[in-house]
Amino acid sequence: MKKTIITVVGNDTVGIIAKVCTYLAENNVNILDISQTIVQGYFNMMMVADTSASEKDTGTISKELGVLGDEIGVLIRCQHEDIFNKMHRI
Amino acid sequence: MINIFEVNETNKMIEQENLDVRTITMGISLLDCIDSDLETMNRKIYDKITTRARDLVSTGEKISMEYGIPIVNKRISVTPIGLIGGAACKSSEDFVSIARTLDEAAKKVGVNFIGGYTALVSKGMTPAEELLIRSIPQALAVTERVCSSVNVGSTKTGIDMDAVKLMGEIVLETAKATREQDSLGCAKLVVFCNAPDDNPFMAGAFHGVTEADCIINVGVSGPGVVKTALKEVRGADFETLCETIKRTAFKVTRVGQLVAQEASKRLNVPFGIVDLSLAPTPAIGDSVAEILEEIGLERVGAPGTTAALALLNDQVKKGGVMAATAVGGLSGAFIPVSEDQGMIDAVNAGALTIEKLEAMTCVCSVGLDMIAIPGDTKASTIAGIIADEAAIGMVNQKTTAVRVIPVIGKGVGETVEFGGLLGYAPIMPVNQFSCDAFVERGGRIPAPIHSFKN
């Protein structure tokens with residue numbers, strides 16, 4: 001299974017996680033893990049997700065999450081996990 | 001499992017430090033397009049390129065979207081046209097028709113540059129290669145995306161001084177043919193010594209005859225990432241400095257390797273090499289000069305610059321080699337003047353001269369790159385500059401190159417604007433003493449001896 005890493009960065013407001021999770025649920029994306037921290041005053045969340053059951057491809061999900069992020073006022077990225085595995089694991 | 005800090009580190013590199021994959025370059029052999037009929041050959045060339053590279057741009061964009069890493073350029077390199085056109089081309093105009101075909105094919109598939117309008121004449125020129133070289137000014141004036149290169153020497157063959165003399169004239173003629181665009185044609189023309197067969201970077205990319213039918217080569221970048229990492233080790237000793245560059249180069253190259261593998265798999269084209277390069281852009285913070293300044297120089301060009309660059313170049317290779325399955329191309333730190341804000345600032349401050357840049361090319365990946373010189377520079381002087389660079393490459397068994405732009409109608413103190421990735425450049429003074437008699441001699445400089453190294 002190829003995992004996708006979804007990151008959300010921005011000012012903390014009510015309902016960020018709810019909105020992102022709603023989108024993922026509607027598109028049949030399974031969340032495997034969530035971690036969250038505050039870095040230099042910014043809300044920082046990382047989700048590990050499985051998009052294999054979704055009808056949409058990673059590119060489309062990435063674009064739509066980007067638009068959702070604009071609406072909430074945060075930056076949402078959706079990337080294949082391999083870019084991080086390659087860079088940080090030998 | 002990857003943690004949030006590692007994810008943030010990668011994304012910070014991409015968002016704030018300009019980490020990107022500079023180019024996916026598809027190398028396409030045109031050897032099977034050779035035909036004695038010019039029209040037939042042009043059709044075969046167009047068909048092969050547009051078939052092979054049909055999905056190159058869209059695949060690059062998909063990979064970029066899925067991994068969240070910008071892939072700045074998608075490009076094509078082809079077999080040197082000097083070899084392909086020999087049977088059909090009876091005049092320089094015939095060769096220009098191939099340039100037009102390449103340009104049309106590049107536009108059709110949506111790549112921004114196509115390289116390989118090339119002649120390899122390190123020992124001598126065939127009549128066809130001489131025709132191609134003489135057609136370069138017109139070819140670059142009537143096309144938009146075609147890049148040209150000429151290899152005039154190598155460690156094994158010596159330097160073809162007839163070709164060097166001719167290239168001095170051709171660079172100047174290309175400048176004149178594109179004078180309306182501030183002599184932009186010269187930005188797409190490189191003169192090499194020891195040109196590699198698998199270089200993915202323009203303007204010098206071509207698909208060597210030793211290569212397979214079609215391959216994917218990837219050029220990575222990331223000067224901003226290295227500079228940011230070095231900020232953390234200010235004042236530390238050289239061992240710490242070198243370790244930091246190596247670690248960073250490793251991470252940057254792993255991304256290139258990933259993109260290369262992925263592109264190769266999706267396009268069903270074998271993976272060639274990753275070119276481990278620090279390639280600057282005019283964007284703020286995306287500068288090799290700023291890395292050298294972070295290492296401890298007030299300005300690039302100060303004493304110590306060559307040593308700092310040698311160290312940087314070597315550590316980039318050491319870190320990158322372990323991160324990639326196959327390495328090639330030019331691999332090292334590029335020092336183009338117009339494409340690097342730190343270099344431009346150093347020239348404007350009077351810290352950096354052509355002579356110092358020449359010394360720097362002894363230890364970095366390529367050569368005198370994207371340097372604007374006065375438009376009234378003599379052809380023989382340009383030939384002299386080319387000969388000097390070729391000699392450095394020949395003796396030191398490395399690739400060197402010259403991409404100078406004599407800007408017609410402009411002189412020292414003025415600036416030339418190329419736009420986009422090519423940037424802008426202050427026009428630099430050139431030594432005014434003549435080398436006419438040297439260049440006029442004609443013939444070859446023999447290959448150097450490989451023993452008695454001093």
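A compact table of results
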{"quantity": "Lysine pairs with alpha-carbon atoms under 20 Å apart, chain A, spacing 8 or more or separate chains", "calculated": "8"}
{"quantity": "For chain A, size of Cβ-based charge dipole, Lys and Arg +1, Asp and Glu -1, in debye", "calculated": "280 debye"}
{"quantity": "For a label point 7 Å along the Cα-to-beta-carbon line of B:Ile449, residues of the stretch B:372-404 with backbone N under 18 Å", "calculated": "B:394-397"}
{"quantity": "Selection from A:Ile90, A:Leu75, A:Asn30, by position along the positive dipole direction of chain A (Cβ)", "calculated": "A:Ile90"}
{"quantity": "Eligible lysines near B:Lys410 by straight Cα distance, threshold 27 Å, same-chain separation 8 or greater", "calculated": "B:Lys165, B:Lys176, B:Lys188, B:Lys356, B:Lys378"}
{"quantity": "Residues B:Ile49, B:Ile34, sorted so that the one with the fewest Cβ neighbours within 10 Å comes first", "calculated": "B:Ile34, B:Ile49"}
{"quantity": "Largest-first ellipsoid semi-axes for the stretch B:16-193, taking √(5λ) over the Cα gyration tensor eigenvalues, angstrom", "calculated": "28, 20, 16"}
{"quantity": "From phi via Karplus (6.51, -1.76, 1.60), per-residue ³J(HN,Hα) for the stretch A:8-20 in Hz, x at Gly/Pro", "calculated": "10, 10, x, 5, 6, 9, 5, x, 4, 4, 4, 5, 5"}
{"quantity": "Span from the the stretch B:352-392 Cα centroid across to the the stretch B:1-52 one, whole angstrom", "calculated": "29 Å"}
{"quantity": "Shape call, the stretch A:23-63: gyration tensor on alpha carbons, a/c limit 1.5", "calculated": "prolate"}
{"quantity": "Charge-dipole axis of the protein assembly as shown as Lys and Arg at +1 and Asp and Glu at -1 on Cβ define it, positive-most pick from B:Asn396, B:Gly420, B:Asn348", "calculated": "B:Asn396"}
{"quantity": "Alpha-carbon centroid distance for the pair the stretch B:149-227 / the stretch B:262-301, whole angstrom", "calculated": "18 Å"}
{"quantity": "For chain B: rounded, prolate or oblate by the Cα gyration tensor [a/c cutoff 1.5]", "calculated": "oblate"}
{"quantity": "The protein assembly as shown, dipole about Cα centre (Lys/Arg Cβ +1, Asp/Glu Cβ -1), debye to the nearest 20", "calculated": "780 debye"}
{"quantity": "Lys, Arg +1 and Asp, Glu -1 on Cβ, resulting dipole of chain B about Cα centre, debye, nearest 20", "calculated": "680 debye"}
{"quantity": "Kirkwood estimate for the protein assembly as shown, i.e. one over the average of 1/r between Cα atoms, Å", "calculated": "24.3 Å"}
{"quantity": "Inter-chain Cβ neighbour average for residues B:7-16, partner chain, 10 Å", "calculated": "5"}
{"quantity": "Amide H contacts under 5 Å for B:Gly115, placed H, 5+ residues apart", "calculated": "B:Ile76, B:Ser77, B:Val78, B:Cys147"}
{"quantity": "Order of B:Arg234, B:Arg75 - criterion: other Cβ atoms within 10 Å of each residue's Cβ, fewest first", "calculated": "B:Arg234, B:Arg75"}
{"quantity": "Of B:Thr244, B:Val190, B:Asn42, farthest towards positive along the dipole that unit charges on Lys, Arg, Asp, Glu beta carbons give chain B", "calculated": "B:Asn42"}
{"quantity": "Gap separating the Cα centres of the stretch B:68-103 and the stretch B:418-454, nearest whole Å", "calculated": "26 Å"}
{"quantity": "In range of the label at B:Asp47: residues from the stretch B:73-94 whose backbone nitrogen is under 12 Å from the point 7 Å along Cα→Cβ", "calculated": "none"}
{"quantity": "Under Karplus coefficients 6.51, -1.76 and 1.60, residue-wise ³J(HN,Hα) of the stretch B:209-225 in Hz, glycine/proline x", "calculated": "6, 7, 8, 6, 4, 8, 9, 10, 10, 10, x, 9, 9, x, x, x, 5"}
{"quantity": "15 Å reach of a label modelled at B:Ser36, 7 Å along Cα-to-Cβ, counting backbone N of the stretch B:63-99", "calculated": "B:86-90"}
{"quantity": "Spatially proximal aspartates and glutamates relative to B:Lys107 (Cα-Cα < 14 Å; intrachain offsets below 8 disregarded)", "calculated": "B:Asp47, B:Asp55, B:Glu144"}
{"quantity": "Residue order, fewest to most beta carbons within 10 Å, for B:Asp369, A:Asp12", "calculated": "A:Asp12, B:Asp369"}
{"quantity": "Amide H contacts of B:Leu278 (H built 1.01 Å from N, under 5 Å, at least 5 apart or other chain)", "calculated": "B:Gly332, B:Ala333, B:Phe334"}
{"quantity": "B:Gln397 versus B:Asn3: modelled label distance in nm, points set 7 Å from Cα along the beta carbon direction", "calculated": "4.5 nm"}
{"quantity": "Chain A: C-alpha gyration tensor shape, a/c 1.5 cut-off, then a/b vs b/c", "calculated": "oblate"}
{"quantity": "Potential extension, B:Asn268-B:Val233 segment - 0.36 nm per residue separation minus Cα distance", "calculated": "8.3 nm"}
{"quantity": "Shielding by partners, peptide B:251-263 (average Cβ within 10 angstrom, other chains)", "calculated": "3"}
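Computed from the coordinates by the stated procedures, all read-outs in this text should not be read as laboratory data. All values derive from a computational prediction rather than experimental measurement. A quick note on method: Cβ atoms are made from the backbone with ideal geometry, for glycine too, and the neighbour counts reach across all protein chains shown.
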